[in-house]
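Inspection log for the structure reproduced underneath, given as structure tokens.
The values are calculated or read from the model by the stated rules, or taken from the named source; none is laboratory data. The structure displayed is predicted, hence computed values, not measured ones. We place every Cβ from the backbone using ideal geometry, glycine too, and count neighbours over all the protein chains shown.
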Amino acid sequence: MPFPVSPLISAKNLADALPEGHSHIKIVDASFALPGTTPDPRVFFQKTRIANAVFFDIDAVSDTATDLPHMLPDPDTFARSASSLGISNEDTVVIYGQTGIAMGPARVWWTFRVFGHTRVQVLDGGLPYWQAMGYPVSTDTPSVPVPGRFVPNVRPDYVADRADVARAKAGSSARILDARPAARFDGSAPEPRPGLRSGCIPGSGNLPCAALIDPETGLMKSPHDLRRIFEECEAGSDTPVIATCGSGVTACMIALALAVIEREDVRVYDGSWAEWGRETG
């Protein structure tokens, strides 16, 4: 069964579960910010978080042998990192973001799934919605988690590389969807990282990750609306998807949205525009 738990969990359902002593629910703050932006997510986490949460650093838990940003780590590195956060294979991992669901949570949700962990959910609406609903946060100093034991089981079919994207671009094996804002996709706005061309992968379509989120609530749009959006992007139920973005973070929002409508026919291009758009590439 591909989705033993829903890809999303509501603030109410999480709040109802926590007081019941579910020691196998592990809460993870997976917030991410582009270089140079403030506030620093780790600093914010030290001051305000959902109780007993741990912080997953997307840049730190990555492949350090490449100059591409936050590429997937090797299985042993991920296993050590997950274990050090107190996470074991039998745990249900609930991931949230300080600013919502787009910047980080979907990426870490996808990363856990790449390494074989299926009991992983994203808190719909993230910390802003959690607080708006009146649920508590902790301002105490974070405690050091008791180490867990995480054993990876890699799913390479969730990941696309440059060769996969080139084949999709040349044929019709998959629909390439780019989660960057429209201005970056069409090249009218510069890339935030130096050394990258402006523009997009030829033949790709634009699906900004913000289009998947209800602007009034910060929640993921309804399954009905998501199905319509993918149909309009020429990525209906019979069309596999390769998701891309600037550096593989918001691309995972496309994968998460497809999971909400019970579709697994999606791979994330881990290198994304950081690799494809290199000026020397």
Can you tell me how many residues in segment 188-207 are surrounded by fewer than 13 Cβ atoms within 10 Å (Cβ to Cβ) and either at pLDDT 95 or above or farther than 19 Å from residue 33 by Cβ (or both)? 3
Exactly one of 235, 211, 257 is touching a residue at least 40 places away in the same chain (Cβ under 8 Å), at negative phi, outside any loop (DSSP other than H, G, I, E, B) and not assigned by TED's automatic domain parsing to the domain that holds residue 59, and that one is 257
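Residue-by-condition table, conditions (1) surrounded by fewer than 21 Cβ atoms within 10 Å (Cβ to Cβ); (2) small (Gly, Ala, Ser):
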| residue | (1), (2) |
| --- | --- |
| 116 | yes, yes |
| 127 | no, no |
| 159 | yes, no |
| 163 | yes, yes |
| 211 | yes, yes |
Please go through segment 260-272 and pick out each residue that is in contact (Cβ under 8 Å) with a residue 40 or more places away in the chain, touching a helix residue (DSSP H, G or I) at 6+ places or on another chain (Cβ under 8 Å) and closer than 22 Å to residue 194 by Cα. 269, 271
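Residue by residue, here is whether (1) touching a Gly at 6+ places or on another chain (Cβ under 9 Å); (2) in a helix (DSSP H, G or I) holds:
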| site | (1), (2) |
| --- | --- |
| 95 | yes, no |
| 98 | yes, no |
| 101 | yes, no |
| 111 | no, yes |
| 116 | no, no |
| 122 | yes, no |
| 147 | yes, no |
Can you name the residue in segment 53-110 that is within 22 Å of residue 25 (Cα to Cα), more than 15 Å from the chain's Cα centre (by Cα) and charged (D, E, K, R) and, of all such residues, is surrounded by the fewest Cβ atoms within 10 Å (Cβ to Cβ)? 90
Starting from residues that are aliphatic (A, V, I, L, M) and part of a helix (DSSP H, G or I), keep the ones in segment 238-254 and report whichever is nearest to residue 197 (Cα to Cα). 251
